[in-house]
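Below you'll find the structure, written out as structure tokens, and then a few comments.
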């Protein structure tokens, strides 16, 4: 179908080029082109042909604008196409309508933001754009945004600042886009810009590019196989472009910039600017000679900034940690009413990405979390939990007094989805603790501030396990063993089993009976299979402990409990012994004799066997409707062996 659509689109472009504005079926053919672009994007050959039509065919703005919005590649826009479009719009800037010029500028901004073209291709036109911006007032605001994105410290000159100030002074209207540029130039070279120029939140100056164009460009990122990850794409240092907020309010997130004192003559000759790093290759070449910006928090912009922060000197890292703490305090505790939700969300997201990059938390962020949780009203829960996952350098006392108390409060106030999220966060924290201490083998300091864990695994793991077990059991009871919560709890203990099996410490955490038996009596066969597999893993671990007398002594009671659980499950599934000799088992042993007498006529011991189990019955019914009857345990066992082999494997292993 896509091949046929491409042929139709190519024919449409050829006909349009031949007939121009007299082409009769424009709307119908354009609709096909638009749908094809949205789903597939244009090949290099096709996008070049469309660009040629736009530049050569005489059409009105009502047709040119939608065609320009269709300049969407399959992966990346060819460099020659970008150069041709830029040269065309600059050459005819005084002839084209404002709408056409504007959409072209917005298209250039869009492909830069989505990394669909190398910045160097557009950067060569920086001074031309700057000159046109001063002369063409109606399009100047949009060009100013492009200049803002492209500008680097070395581009800022006294002459350009003077020209901006002169145009601003002569204008009757307030030129906020010029003020934004001057504010940026001031952060690069404060000695060239007057003191009266205040910081401006650029979200209040420029609107986003059209939503339709934005959606088309985002589709490219969704399907592209090249240069999509943060590590591979071109690094952008002017990323703090947020939606409209109050005017004349200093942004919470600082822009990347330098504060120059004195002459550059006394600097080392090989010192490079942060803006010289636009790719991983540049980062590898220049990371030892780059001059770090004055605002350390601004390095949270991208992965290159994360790398520079992680391996900066201790003095710079300390300044960053202090400034980040002050920024978080300002945005969330001291002056939250002056900060937009977009800024606070972006700050948290960037802090999470930085912690994820260096696999460790920032100490001052831990302190902020401890303080903020007293003020928290349920906002930012997902992001706070993501930050907590990296708190591997906290002491056991801090963990109990400052974190777990608030985590319990959050858990009991949350919905089922929120409770699942908290359990996942605890699972992530435990995973990071095991990894950070190399599973008990050795512990090395990390580059950022030389941090090392403040406690050992043997002290902190039991505390977290007890807290997690209490939350999981209470959550299952509160929500009547909700299947989502049960699955998340099972996932938690599956991960813990894997982590403990790789650790040199004698950890053997058994899932609580609420999880084991809750999974056993569930009506979901996948959950039943998973608990059988987890019990098999526990058994394999117990056999290893039996070879070591000292280790066996530490986990003896756990292994006894494990044997009881396995016996309960196997005998209920395969031997019809759920209620027989109940006093010797944990499962259902609290049911009174009076209730048992009332239920005696229901053949209770057969209700949870492999033939009648509530998790098996839906499949049994489905097979029966297709002419396959399951009348005996042997029939059910053959079925289980094909679809859920772990259930049968538990039985065969136990029988041996």
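The values are calculated or read from the model by the stated rules, or taken from the named source; none is laboratory data. Just so it is clear, the structure is predicted and the values come from calculations on it, not from any experiment. A quick note on method: Cβ atoms are made from the backbone with ideal geometry, for glycine too, and the neighbour counts reach across all protein chains shown.
Observations
- Among the residues of the stretch 367-393, those that are crowded, with 20+ Cβ neighbours inside 10 Å and either in contact with a strand residue (DSSP E or B) (Cβ under 9 Å, 6 or more places away or on another chain) or outside any helix (DSSP H, G or I) (or both) comprise 389, 390, 391, 392, 393.
- The residue that is surrounded by the most Cβ atoms within 10 Å (Cβ to Cβ), counting only those in the stretch 394-416 that are under 23 Å from the mean Cα position of the chain (by Cα) and part of a loop (DSSP other than H, G, I, E, B), is 414.
- Subset of the stretch 615-636 (residues that are in contact (Cβ under 8 Å) with a residue 24 or more places away in the chain and in contact with a helix residue (DSSP H, G or I) (Cβ under 6 Å, 6 or more places away or on another chain)): 615
- Checking the stretch 210-226 against the condition returns a match, with at least one residue being over 13 Å from residue 110 (Cβ atoms), surrounded by 15 or more Cβ atoms within 10 Å (Cβ to Cβ) and at pLDDT below 85.
- Residues of the stretch 89-104 classified as in a helix (DSSP H, G or I) and under 17 Å from residue 62 (Cα atoms), total: 8
- Tallying residues that are in contact with a helix residue (DSSP H, G or I) (Cβ under 6 Å, 6 or more places away or on another chain), under 26 Å from residue 100 (Cβ atoms) and surrounded by fewer than 16 Cβ atoms within 10 Å (Cβ to Cβ) within the stretch 129-162 yields 1.
- Residue 80, sole failed condition from (1) buried (at least 17 other Cβ atoms within 10 Å of the Cβ); (2) farther than 19 Å from residue 139 by Cα: (1)
- Elements of type helices (runs of 4 or more DSSP H) in the stretch 115-224, at least 1 residues being in contact with a strand residue (DSSP E or B) (Cβ under 8 Å, 6 or more places away or on another chain), under 26 Å from residue 292 (Cα atoms) and touching a residue at least 60 places away in the same chain (Cβ under 8 Å): none
- Filtering 511, 526, 563, 553 for residues that are crowded, with 19+ Cβ neighbours inside 10 Å and either within 13 Å of residue 486 (Cβ to Cβ) or without any contact (Cβ under 8 Å) to a residue 60 or more places away in the chain (or both) leaves a single hit, 511.
- Residue within the stretch 448-457 that is without any contact (Cβ under 8 Å) to a residue 24 or more places away in the chain, in a helix (DSSP H, G or I) and over 30 Å from residue 615 (Cα atoms) present: no
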